[in-house]
Amino acid sequence: MQNKIIQFPVKIGRNDPCHCGSGKKYKNCCMRKGEEERLLEAGFTKTETIIDKYFSVREYIGVAGYPVTRFDYFLIEISNISAGCIHFYKTIGNIELKKVIAGTLIKAKDFFEICKKCGHECVKNPGKVMSFQSLLNKGLKLSKFPMVMQKTVGINFFYFEFINVVIHALSEELETLIDGKKVDEITSDIHCALFDFISENCWGGCKNKCMMEYDKSAYCDFCSMTEGVLPCPKKGEIEYSVIKAGISDMAH
């Protein structure tokens with residue numbers, strides 16, 4: 001586990017009530033007066049459209065290997081959102097960007113293996129009510145996050161710890177390439193974008209399906225999200241043993 005929570009200034013979620021007291025959602029009120037133009041330009045409001053844009057399915061599998069599970073589906077989303085934020089700043093080239101993402105996802109995968117064996121059981125028991133005191137002691141300011149992230153349940157404990165690891169890994173990778181102050185600026189934006197995505201899409205969209213079924217094969221999901229389809233084991237194009245999945249894991 002990390003010794004410290006990386007606590008960046010967290011922006012109000014786009015679907016949260018506006019801080020001005022109008023009763024409207026932030027995205028339909030004060031956000032339009034300030035941040036919307038920059039967020040639109042950065043692509044942060046359309047994170048769901050860049051899942052395969054910066055780090056492709058084939059590139060992901062090339063780094064992470066098989067099997068590909070629901071957790072991997074979550075991680076490739078996180079990877080591409082992070083890559084999109086980095087790309088917006090135009091501080092590194094495409095080759096360096098892919099190296100940064102590859103290095104980060106390896107560290108993230110390693111941490112997840114620890115999570116699956118951890119005594120907190122955040123992954124095994126995502127709905128478990130638990131104390132967040134250890135995170136608060138490390139500097140987590142829970143009130144700064146969207147309301148769904150303030151629920152003191154296992155899945156959120158995991159999200160906080162996991163995103164902290166991702167941000168820390170991204171910082172280490174980026175600091176070998178660009179100035180530290182710019183790294184802080186970039187990772188702060190990534191931090192906001194990732195929690196925005198988790199609150200709106202993971203909680204608000206699929207109800208945390210990826211993490212609820214983290215070990216379930218996602219080979220067909222990965223195939224459907226890429227422009228060039230993956231080899232199909234049902235058609236004999238690849239062996240089930242290679243992708244570490246069975247017939248029952250296939251969606252078609």
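The values are calculated or read from the model by the stated rules, or taken from the named source; none is laboratory data. A quick note: this is a predicted structure, and the numbers were derived from the prediction, not measured. Neighbour counts are summed over all protein chains in view; Cβ atoms, including those assigned to glycine, are modelled from backbone coordinates with ideal geometry. To get the accessible areas, we keep the full protein, side chains included, count just its heavy atoms, and leave off ligands, DNA and RNA. Shrake-Rupley method; radii C 1.70, N 1.55, O 1.52, S 1.80 Å.
Could you list log10 I(q)/I(0) for the stretch 87-245 at q = 0.14, 0.21 Å⁻¹, which the Debye formula gives when each Cα is one point scatterer? Relative scattering, expressed as log10 I(q)/I(0), comes to -0.89, -1.42. Phi-derived couplings, Karplus 6.51 cos²θ - 1.76 cosθ + 1.60 at θ = phi - 60°, listed residue by residue for the stretch 82-96: 4, 4, x, 5, 5, 4, 4, 7, 6, 9, 9, x, 5, 5, 5 Hz, with x used for Gly and Pro.
Could you tell me the ratio Rg/Rh of the stretch 79-144? Both radii from Cα atoms, Rh via Kirkwood. Result for the stretch 79-144 is an Rg/Rh of 1.11. Pairs of alpha carbons in the stretch 174-252 separated by more than 18 Å make up 62% of all such pairs. Pairs exceeding a 29 Å alpha-carbon distance, out of Lys181/Lys216; Lys141/Lys216; Lys151/Lys182; Lys144/Lys209; Lys99/Lys181: Lys181/Lys216; Lys141/Lys216; Lys151/Lys182. Under 5 Å between amide hydrogens, built in the peptide plane, is the criterion, and for Thr69 it picks out Ala218 among residues at least 5 positions away or on other chains.
Accessible area of the stretch 151-239 with a 1.4 Å probe: how many percent of it is carbon plus sulfur?
Values: 1740 of 3650 Å².
Using a 1.4 Å probe with all protein chains present, the stretch 151-239 comes out at 48 percent carbon and sulfur.
Across the stretch 183-194, computed HN-Hα scalar couplings (Karplus, 6.51 cos²θ - 1.76 cosθ + 1.60, θ = phi - 60°) run 4, 4, 5, 5, 5, 5, 5, 4, 4, 5, 5, 5 Hz from first to last residue, x flagging Gly and Pro. Summarising the label geometry, the points placed 7 Å from Cα in the beta-carbon direction at Ile95 and Glu113 lie 2.9 nm from one another.
For the stretch 153-252, which trypsin sites (Lys or Arg not before Pro) are both in a DSSP coil and crowded by at most 15 other Cβ atoms within 10 Å? Walk me through the numbers on the way to the answer.
On the way: sites: Lys181, Lys182, Lys207, Lys209, Lys216, Lys234, Lys235, Lys244; in loops: Lys207, Lys216, Lys244.
Taking the stretch 153-252 and a limit of 15 other Cβ atoms within 10 Å, the loop trypsin sites (Lys or Arg not before Pro) found are Lys207, Lys244.
Size descriptors for the stretch 118-163: radius of gyration and Dmax over Cα atoms are 9.8, 27 Å. Annotation for the stretch 55-137: trypsin sites (Lys or Arg not before Pro) lying in DSSP loop with at most 10 further Cβ atoms inside 10 Å of their Cβ are Lys90.
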